[in-house]
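For reference, the structure discussed in these notes is given below.
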Amino acid sequence: MAKFVIKGARRLKGEIEIKGMKNAATPILAATILTSEPCLLENLPKIKDVENMINILKSLGAKVKNLNNHSLEICFRDLSLSKLDEEKVGAMRSSILLLGPLLSRLGRVEIPEPGGCIIGNRPIDTHLYGFKKMGAKIKEERGIYHLESDFLKGTTIILPEFSVTATENLVMAAVLSKGETTIKLAAAEPHVQDLCRFLNKMGAKIEGIGTHTLKIKGVKKLRGVKYKIIPDQIEAGTFAALAAATKSQIFIKNVNPDHLEIILLMLERIGVKFDLYKEGLMIHPSINLRSFKLQVLPYPGFPTDLQAPFAILSTQVRGTSLIHDPLFESRMGYVAELIKMGANAIVADPHRVIINGPTPLYGTEIKTFDLRAGAALIIAGLVAHGETIIREAEIVDRGYEKIEERLSCLGAEIKRIN
């Protein structure tokens, strides 16, 4: 596999543009299954997860026409499960988003349980519970899930957790169902909202977007549309943490301020200086940064995908910081690699880490375990004195487009070795 080689301990400067949101692009791509008319999607990030989702959709019969680097046209005039690429489905967590649209359009679906990053146990019980409430018959045999329904019917579903992908799956199943579906305790993340807006533009009738109660009136047909994916909230937060940790001046272009409220509040409490403009977010070099307590929560709380980048920042602030991620029990794997670099950190339990700072970090050879940890360790490498080698660089490609090229434009000394 590839490696990132980083020579750190230097300040960066310049402008970096945020790409389309990974977590919005994959469900919206899946939702194109719900119409036989062509859809034109803009601002798609050129990342591995999007590429893999497109290849899975092609195996289902999608005709895909690339219009430029970040736009494509996709059409499902013919749809069949007979050639579904089960290997790619099994390797990619977001392929779970195929369940709702395939069940809605074909009345049946058979797929293996999806894989993905090693961040802890992520069962699909909530998805299956919702489909069962809508009338689907479900069975599991040797890791393959079989779902069938002559027609899905509207009902009230109270989710047992704020599951993003379960909310998205059930919304996609409900838009063509008979009657009205109410989803309570629904996830409200920006990418859930973006999917709902995309579906409404196609002719769906979804109310309550951005709240934890969604009401969906089933319609008979959806149409093809042109749609632009929102900027990536997580990428913006990652580069903001990077700028703060390296004491750099970086202008982060193409952000949605409404999606960054809790992130900007955390930066403000830490003492990071920034200015928010219509065109983007300017992070200024900041000293005398303060320790902080960070707890991951469902939106509009602090996103789980940003706790690792902010943990790197906590090594460069004064005092004791507590990072708490109650959502996933294996999200702290990167901390052991951070300790190898000189961080004063203690993993209190699978959900909490205590970090004392400021401490100098030193380059060494480390590995990444998941997408967001990989991005965080790149930040650590940019902070560290000497050379850092990060193994399994391809994991970062799942969610960040050409990250080494974009950071090099800011003055970072980072290269990829295959």
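Evaluated at q = 0.12, 0.14, 0.16 Å⁻¹, a Debye calculation over the C-alpha positions of region 22-228 (equal weights, vacuum) places log10 I(q)/I(0) at -0.53, -0.75, -1.01.
Could you give the angle, 0 to 90 degrees to the nearest 10, between helix 22-31's Cα long axis and the longest principal axis of the Cα atoms of the chain? With both axes taken from Cα atoms, the answer is about 10 degrees.
Taking label positions 7 Å along the Cα-Cβ direction at both T211 and K228, the computed distance is 2.8 nm, reported to one decimal.
Comparing N68, N52, N23 in a Gaussian network model of the chain (Cα springs below 10 Å), the most mobile by mean-square fluctuation is N68.
Take the Cα of S80, step 7 Å toward its Cβ, do the same at T364, and the gap between the two points is 5.5 nm.
If I fit a long axis through the Cα atoms of helix 190-201 and take the longest principal axis of the Cα atoms of the chain, what angle between them do I get, 0 to 90°, rounded to 10? Compared with the principal axis, the helix lies near 30 degrees.
Each of C409, C75, C39 was scored by other Cβ atoms within 10 Å of its Cβ. Arranged with the fewest first, they read C409, C75, C39.
Could you tell me which residue out of V296, L67, N55 lies farthest along the dipole of the chain toward its positive end? Charges go on the beta carbon: Lys and Arg +1, Asp and Glu -1, centred on the Cα centre. Most positive-ward Cα: L67. In the chain, the DSSP-assigned H stretches of four residues or longer account for a calculated mean residue ellipticity at 222 nm of -9000 deg cm²/dmol, using -39500 (n - 2.57) per stretch and the full residue count as denominator. Between the amide H of E413 and those of K7, distances stay under 5 Å, these residues lying 5 or more places away or on another chain, with hydrogens modeled in the peptide plane.
Fewest first, what order do S330, S149 take by the number of other Cβ atoms within 10 Å?
S330, S149
For G319, nonlocal amide neighbours, meaning residues 5 or more places apart or on other chains whose placed amide H falls under 5 Å from its own, are G357. Distance between the modelled labels on K278 and S36, one decimal in nanometres: 4.5 nm (7 Å Cα→Cβ projection). Using a Gaussian network model of the chain in which every pair of alpha carbons under 10 angstrom is joined by a spring, one finds that among I390, I144, I54 the greatest mean-square fluctuation is at I144. Counting only alpha carbon atoms, the long axis of helix 261-270 and the longest principal axis of the chain meet at about 20°.
About the Cα centre of region 185-292, what is the dipole size in debye to 20, counting +1 per Lys and Arg Cβ and -1 per Asp and Glu Cβ, all else neutral?
Numbers: 16 positive and 10 negative charges, 138 e Å.
It works out to roughly 660 debye.
With the Kirkwood sum run over all distinct C-alpha pairs, region 188-255 has a hydrodynamic radius of 14.4 Å. Averaging Cα coordinates gives a centre for region 171-218 and one for region 309-323; these two points are 37 Å apart.
In this structure, the residue pairs whose Cα-Cα separation is over 24 Å, taken from K58/K133; K132/K184; K88/K184, are K58/K133; K88/K184.
Cβ crowding within 10 Å, taken as a proxy for footprinting-reagent exposure, orders I206, I96, I346 from fewest neighbours to most as I346, I206, I96.
What full-extension length gain, to one decimal in nm, is calculated for L106 and E51 as 0.36 nm per residue of separation minus the Cα-Cα distance? Walk me through the intermediate numbers first.
On the way: separation 55, 0.36 × 55 = 19.80 nm, distance 2.39 nm.
Gain on stretching L106 to E51: 17.4 nm.
Any read-out appearing in this document is the output of simple, stated calculations on the displayed coordinates, not a laboratory observation. Model, not experiment: these values are computed from the prediction. Because the Cβ atoms are built from the backbone with ideal geometry, glycine has one as well, and the counts that use them run over all protein chains shown.
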